[in-house]
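Participant: Mind looking over this structure? Questions follow.
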Amino acid sequence: MNLFRTGVLMAALTGLFLAIGYLIGGQAGMVMAFLFALGTNLFAYWNSDKMVLSMYGAREVDETTAPDLVHLVRVLSEQAGLPMPKVYIAENPQPNAFATGRNPEHAAVCVMTGILERLSQEELAGVLAHELSHVKNHDTLIMTITATVAGAISMLANFAFFFGGSERRNNPLGIVGSILIMILAPLGAMLVQMAISRTREYEADRSGALLSGRPLWLASALQRISAGAERIENADAEAHPATAHMFIVNPLHGGGIGSLFSTHPPMEQRIARLEQMASEMGQQPKAGPWSETQA
């Protein structure tokens, strides 16, 4: 059901993009919009992971430089049937993590130093299982495409305002319609992007909890990370807000009406779902024997 909903939302986002192209220049404008979307998505497909890792100054680590972290990733990857992804650490005090890459064969998992300082091994395992679930579910590619299309819609909406108001451009709505497009199209794209992101976060929580076998590990980690993210600013994320959807917890500060446009589901709902999973699995709210089972 989540996958179907994601497909419907992505189709709506694509349809909005093509509709704006049509309003700017008729059928020719729609074709140009399609070609532009294709080009930007191809670029994002091949380069988005490198760009994001560079934004956060992430450095690749291995068994020598971060043995415990790499060991956890390796064990969970094997359990998930995934190729071993590259592992990165970013010097950032905010506890957070994200995954990126166009497919499981070219994936990377990145954790902030703040998360390594604040979480237990069990909680870290829950976080890594969540991120590897994003990789396995191809969410890293889905969210890259949606972010790229949403950004392109905002760009086209500006074109519609500056170039779409005349009859020569075949825009049936005129200048008033162009103004409405400039305001409403980016808002609509953002709402669709947020809906896709929230859907994928719920699914990664569920499948990540199944991968680690302990939903409460992730629930505990989310509580700690959320509390830390509220207190500690992530300057890199604030400078690049379009990457916020990639993190396990929203790295941006802001409340009130801003929460309506959050890329992540409400934390209370995420934790409640994980606690319900643990209850159905007959697990008590205590740390599981990670060190024993993986020794």
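The values are calculated or read from the model by the stated rules, or taken from the named source; none is laboratory data. Keep in mind the model is a prediction, meaning the values are calculated, not measured. FYI the Cβ positions are ideal-geometry reconstructions off the backbone, even for glycines, and counts take in every protein chain you see.
Participant: Out of curiosity, is residue 42 buried (at least 18 other Cβ atoms within 10 Å of the Cβ) and either at pLDDT 95 or above or more than 21 Å from residue 130 (Cα to Cα) (or both)?
Facilitator: When the stated conditions are applied, residue 42 does not pass them.
Participant: Looking only at the stretch 97-114, filter to residues that are outside any strand (DSSP E or B) and touching a Gly at 6+ places or on another chain (Cβ under 8 Å); which one of those is farthest from residue 66 (Cα to Cα)?
Facilitator: 107
Participant: On to the next question. Only residues that are surrounded by fewer than 23 Cβ atoms within 10 Å (Cβ to Cβ) and not small (Gly, Ala, Ser): list them for the stretch 89-118, please.
Facilitator: 89, 91, 93, 102, 103, 104, 105, 106, 113, 116, 117, 118
Participant: Pairs under 6 Å by beta carbon, first residue within 17 Å of residue 221 (Cβ to Cβ) in the stretch 233-252, partner at pLDDT 90 or above and among the hydroxyl-bearing types (Ser, Thr, Tyr), six or more apart or different chains?
Facilitator: Listed by first residue and then by second, the contacts come to 249/226.
Participant: Give me the pairs: first residue in the stretch 269-283 and surrounded by 15 or more Cβ atoms within 10 Å (Cβ to Cβ), second residue part of a loop (DSSP other than H, G, I, E, B), beta-carbon distance under 7 Å, and six or more apart or on different chains, which are they?
Facilitator: Listed by first residue and then by second, the contacts come to 283/214.
Each row is one residue, and each column tells you yes or no for (1) part of a strand (DSSP E or B); (2) among the hydrophobic types (A, V, I, L, M, F, W, C); (3) more than 17 Å from the chain's Cα centre (by Cα).
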residue	(1), (2), (3)
30	no, yes, yes
51	no, yes, no
54	no, no, no
60	yes, no, yes
72	no, yes, yes
84	no, yes, yes
87	yes, yes, yes
95	no, no, no
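Participant: Another question, then. In the stretch 165-184, is there at least one residue being at pLDDT below 85, touching an Asp or Glu at 6+ places or on another chain (Cβ under 9 Å) and outside any helix (DSSP H, G or I)?
Facilitator: Checked the stretch 165-184: no residue is at pLDDT below 85, touching an Asp or Glu at 6+ places or on another chain (Cβ under 9 Å) and outside any helix (DSSP H, G or I).
Participant: Further question: Would you please name the residue that is modelled with the highest pLDDT, looking only at residues in the stretch 235-281 that are over 16 Å from the mean Cα position of the chain (by Cα) and not in a helix (DSSP H, G or I)?
Facilitator: Filtering the stretch 235-281 for residues that are over 16 Å from the mean Cα position of the chain (by Cα) and not in a helix (DSSP H, G or I), the one modelled with the highest pLDDT comes out as 281.
Participant: Looking at 87, 111, 127, which is the one that is closer than 19 Å to residue 271 by Cα and in contact with a strand residue (DSSP E or B) (Cβ under 6 Å, 6 or more places away or on another chain)?
Facilitator: Numbers: 87 fails: closer than 19 Å to residue 271 by Cα; 111 fails: closer than 19 Å to residue 271 by Cα.
So the residue among 87, 111, 127 that is closer than 19 Å to residue 271 by Cα and in contact with a strand residue (DSSP E or B) (Cβ under 6 Å, 6 or more places away or on another chain) is 127.
Participant: How many residues does the stretch 214-225 contain that are more than 12 Å from residue 119 (Cβ to Cβ) and in a helix (DSSP H, G or I)? Working first, answer last.
Facilitator: Here is the first cut: in the stretch 214-225, the ones more than 12 Å from residue 119 (Cβ to Cβ) are 214-216, 219.
Filter once more, so that each one left must be in a helix (DSSP H, G or I): 215-216, 219.
Of the residues in the stretch 214-225, 3 are more than 12 Å from residue 119 (Cβ to Cβ) and in a helix (DSSP H, G or I).
Participant: Any residue in the stretch 125-145 that is without any contact (Cβ under 8 Å) to a residue 24 or more places away in the chain and crowded, with 24+ Cβ neighbours inside 10 Å sitting within a Cβ distance under 7 Å of a residue that is among the basic types (Lys, Arg) and not in a helix (DSSP H, G or I)? List the pairs, counting only those 6 or more apart or interchain.
Facilitator: Filtered contacts from the stretch 125-145: no entries.
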